[in-house]
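Visitor: One structure, as structure tokens, below. Some questions next.
The values are calculated or read from the model by the stated rules, or taken from the named source; none is laboratory data. Quantities reported herein were computed from a predicted structural model and do not represent experimental measurements. Note: ideal-geometry Cβ built from the backbone for every residue, glycine included; neighbour counts use all protein chains shown. Heads up: the accessible areas ignore ligands, DNA and RNA and are worked out on the full protein's heavy atoms, side chains in. Shrake-Rupley method; radii C 1.70, N 1.55, O 1.52, S 1.80 Å.
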Amino acid sequence: SRLRRIGMMLSSCRSQSHLALVDVKGFDPSDVSVIVRDGRVTVSAEHKEEHNTALGKTCNYRKFMKEFSLPPGVDEDEVTYSV
């Protein structure tokens, strides 16, 4: 289950106080971007799909962004992430 996976991620983290989980469900990993700058982490994702149908063209567009500050004392160069 999803909660079990989150629990395993938390228990495998060396320092749980520096862990952030961001739900980007529905986006491919290639759609997700993470930028660390000026003591802030910005996670964004963008996806666009276009389909031609017998009735015309349809377009689905989704965009997500979450930004948060790094805890005091955390070096930006030591921030890692995985999708």
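Visitor: List every residue pair whose Cβ atoms lie under 6 Å apart, where the two residues are 6 or more positions apart in sequence or sit on different chains, the first residue falls within region 58-71 and is farther than 15 Å from V22 by Cβ, and the second residue, located anywhere, is surrounded by 11 or more Cβ atoms within 10 Å (Cβ to Cβ) and modelled with pLDDT under 90.
Guide: Pairs found: none.
Visitor: Of all the strands (runs of 3 or more DSSP E) wholly in region 1-69, which have at least 3 residues that are under 17 Å from V83 (Cα atoms), modelled with pLDDT of 85 or more and touching a helix residue (DSSP H, G or I) at 6+ places or on another chain (Cβ under 7 Å)?
Guide: 40-53
Visitor: Tell me which residues, restricted to region 25-83, are open to solvent by less than 100 Å² (accessible area, probe 1.4 Å) and β-branched (V, I, T).
Guide: Result: V32, V34, I35, V36, V41, T42, V43, T53, T58, V74, V79.
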